[in-house]
Amino acid sequence: QIPDSTMLAAVAALLSFTAPLASRPVATRGAAVSMGEKVLSLDNMGLYSGKAAQKAPVRVLTRIEDLRVLTSLAEAGVLSAAEEAGIFSKLESAGAISQAEKLLPLADKLQVLALAETLINVPAGLLTAAAVALLAGEVGLIAAVPDDSAPLVALQLVSGGVAGLGAVVLLASGALFSALQSTD
């Protein structure tokens, strides 16, 4: 027979899981991002067609990834050369630059730049709403789980820390994306 408090803790732990936002595609590559800028449209004869054409989005990070610039930097040893020249002082003593250089091809394979470009297009309000929902869910979990045993209190502390950290990251990302997405 399983005690009620253990069963409640197991159910609460299962219900408190939230999948990371990065695993859920929010925007597709086919969706064009429009900043509201209009461009004059001319035909082959140089005549104005009377319609305003939308400027196509510039996908800098995707293009960098297509050209495999990160792998080329790693193969050329640019960061190692800068480290040996003493350009980076504290990072160089720890050997962090050469370690980062080894990870650049992996970043190319995992398409990190395309993911970053997709995430930049996530509306900032959605990230803020996710942070609020995460905190509300955590408050509900803490209210539902009793404080009568050490493991349950530990569960509340751990889940509260993870949810708090996640909410801070979401709010900071929302503020950053809001600044990046602003038209001013």
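The values are calculated or read from the model by the stated rules, or taken from the named source; none is laboratory data. Values in this document were obtained by computation on a predicted structure and should not be read as measured data. All accessible areas refer to the heavy atoms of the entire protein, side chains included, with ligands and DNA or RNA removed. Shrake-Rupley method; radii C 1.70, N 1.55, O 1.52, S 1.80 Å.
Here are the numbers for the structure shown:
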quantity: √(5λ) per eigenvalue of the Cα gyration tensor, region 75-145, largest first, Å; calculated: 40, 18, 11
quantity: Area of Thr118 that stays accessible when all protein chains are in place (1.4 Å probe, Å², to 10); calculated: 40
quantity: For region 80-86, Karplus couplings with θ = phi - 60° (6.51, -1.76, 1.60), whole Hz, Gly/Pro x; calculated: 5, 5, 5, 5, 5, 6, x
quantity: Cα Rg, Dmax (largest Cα-Cα span) when computed across region 129-184, Å; calculated: 15.0, 53
